[in-house]
Amino acid sequence: MTTTITDFSAKEPSLGYFYQIKYALLVLLSHSKELDNPKVRIENLDDIEIEDINTLQLLQTKLHIKNKANLTDSSVDFWKTVRIWSEYINTGTIDLDSTIFNLITTEEIPESSVLHKFKKKITLDSEVLEVIKVLDRIAIESTNKTNEKAYLAYQSLSLENKKNLIKRIRILDNSIAITEINDKIKKELIFSTYPSTIDAFLEILEGWWFAKSIENLTSQIDSISSSELQLKIANISDSFQADNLPNHFPVQLEITDEDVESLKERNFLKQLELIKIKANSRTLKRAISDFRRAFEQRSKWLRLHLLNPDEEEQYDVKLFNYWKNIFDIMCDEAEEKSIEELIDLGKGFYVEQFAKSCPQIKIREKFNEDYLTRGSYQMLADSKKIGWHPNYKEDL
């Protein structure tokens, strides 16, 4: 019997990672307007860090879904974060004078809590000393075992370092929930594309961002810069212009022998079988990859209303007319040929005209991906509208 997990406690850590990565994108988008080509790192010194030539900002993100509570003076979230920051200060890992410490939480700080003061910048020395007095008392008197190491780390700071730390802590409570973060990101992108395509735009940008985040998390790249993000946004924007379309499937698919077996009854593979393209050959697997990518891409454009059905139909007509012109020439050469010669003729026709090279027939002027053309020809072959063997209609 299958048990359905309804307790959010099991899901919260996973959602926390997604939240962190998506929040990092929002941070880089929003800070790029005010900082000098900032760059973001994920899970380096903190959950998120954003740095430019003058400043370093550390951001600790705390997502709570179930049992959402107030952020109190002895909150584990707060003290765990203070412990990390205190250890960095003591070890000289960071330059305290140029670092800002941010705690981003979906919880709320009650006005009675000393942490409420961190909602704005604390500048007055008297106010700083008042906060230190409260935090010192908590660190000394509290019997909370969970926070014990955090209290020790904080207490190990010199008074001067405590002052500088307090002045540089910011807490953003009632932060946006994971279900709301996309709307915030879309507001940052409002002038990047047409209102009707903003969802499709964000989908492509998020795919790129998650890939870059994984590269950063696995130390393949040191950081993700604002200039990289700006260039990607510009490239995506260009793909949404009237003479272009976005490419959702830029990578060739890895086709297995099992994939080939599962598709063996499809007409486009039977068409290749007629001209003796070997099963499980690289040529055949490339045809399957092109077919799948073209089919999924065209379907996605239609679902997102980026492509008019009439435009799609006109594209197929252009593909057919090109094929028909050179297919008729091949059929003239096929007269009085033997069965084996017809196979060789059809194979040469397919390999030379559609596999080794690709007809330059574009669905839009600036969309130049060959997989769409090759895959669309496989789609036409699957519906028996075209073929490669001179007698494909009879033989199928």
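Quick notes on this one:
- The calculated FRET efficiency for the pair SER30 and LYS318, based on their C-beta separation and a Förster distance of 30 Å, comes to about 0.10.
- Size estimate for segment 153-195 follows the Kirkwood approach: the inverse of mean 1/r over distinct Cα pairs works out to 14.0 Å.
- Treating each Cα of segment 193-285 as an identical point scatterer and summing with the Debye formula, the log10 of I(q)/I(0) at q = 0.25 Å⁻¹ comes to -1.21.
- Exceedance of the 21 Å cut-off in Cα-Cα distance is limited, within the set LYS278/LYS324; LYS39/LYS212; LYS276/LYS356; LYS187/LYS362; LYS39/LYS232, to LYS278/LYS324; LYS187/LYS362.
- The mean accessible area for residues of the chain, using a 1.4 Å probe and ignoring ligands and nucleic acids, is 53 Å² per residue.
- Between 0 and 90 degrees, the angle of helix 76-91 with respect to the longest Cα principal axis of the chain falls at about 80 degrees.
- Helix-only arithmetic for the chain: the sum of -39500 (n - 2.57) across DSSP H runs with n ≥ 4, divided by the residue total, places the mean residue ellipticity at 222 nm at -16500 deg cm²/dmol.
- Eigen-decomposition of the gyration tensor built on the alpha-carbon atoms of segment 12-119 gives equivalent ellipsoid semi-axes of 23, 18, 13 angstrom, largest listed first.
- For segment 264-344, fraction of C-alpha pairs farther apart than 16 Å, in %: 67
- A straight Cα-to-Cα reach below 20 Å connects LYS337 with the aspartates and glutamates GLU273, ASP328, GLU352, GLU394, ASP395, residues fewer than 8 places away in its own chain not being considered.
- Relative packing of 373-380, 79-86, 106-113, which averages over residues the other C-beta atoms within 10 Å, highest first: 373-380, 79-86, 106-113
- Pairs of lysine residues in segment 48-143 - Cα separation under 20 Å, sequence separation of 8 or more or cross-chain: 14
- Here the chain yields Rg over Rh of 1.17, to two decimals, using C-alpha coordinates and the Kirkwood radius.
- 3J(HN,Hα) along segment 186-192: 5, 5, 5, 9, 4, 9, 8 Hz, from the Karplus curve 6.51 cos²θ - 1.76 cosθ + 1.60 with θ = phi - 60°, whole Hz, x for Gly and Pro.
- Under 20 Å from the Cα of LYS163 - aspartates and glutamates, other chains or at least 8 residues apart: ASP73, GLU87, ASP95, ASP97, ASP125, GLU127, GLU130, ASP136
- Cα-based Rg and Dmax for segment 65-144, where Dmax is the largest Cα-Cα distance (Å): 13.5, 38
- Shape class for segment 21-77, computed from the alpha carbon gyration tensor (a ≥ b ≥ c): prolate, with a/c not under 1.5 and a/b above b/c.
- Residues whose amide H lies under 5 Å from that of ILE221, counting only those 5 or more places away or on a different chain, are ASN216; hydrogens are built 1.01 Å from N in the peptide plane.
- Taking Cα atoms only, the orientation of helix 125-141 departs from the longest principal axis of the chain by about 90 degrees.
- Karplus (6.51, -1.76, 1.60) ³J(HN,Hα), θ = phi - 60°, over segment 14-21, in Hz, Gly and Pro reported as x: 5, 5, x, 5, 4, 4, 4, 5
- To put it simply, the accessible area of the chain at a 1.4 Å probe is 49 percent carbon and sulfur.
- Separation in nanometres of the label points that stand 7 Å from Cα toward Cβ, at LYS145 and LEU159: 3.5
- Residues LEU189 and ILE214, FRET efficiency given R0 of 25 Å [Cβ-Cβ distance, rounded to 0.05]: 0.70
The values are calculated or read from the model by the stated rules, or taken from the named source; none is laboratory data. None of these values were measured; they are calculated from a predicted model. Here Cβ is always computed from backbone atoms with ideal geometry, including for glycine, and neighbour counts include all displayed protein chains. Side chains included, ligands, DNA and RNA excluded: accessible areas come from the protein's heavy atoms. Shrake-Rupley method; radii C 1.70, N 1.55, O 1.52, S 1.80 Å.
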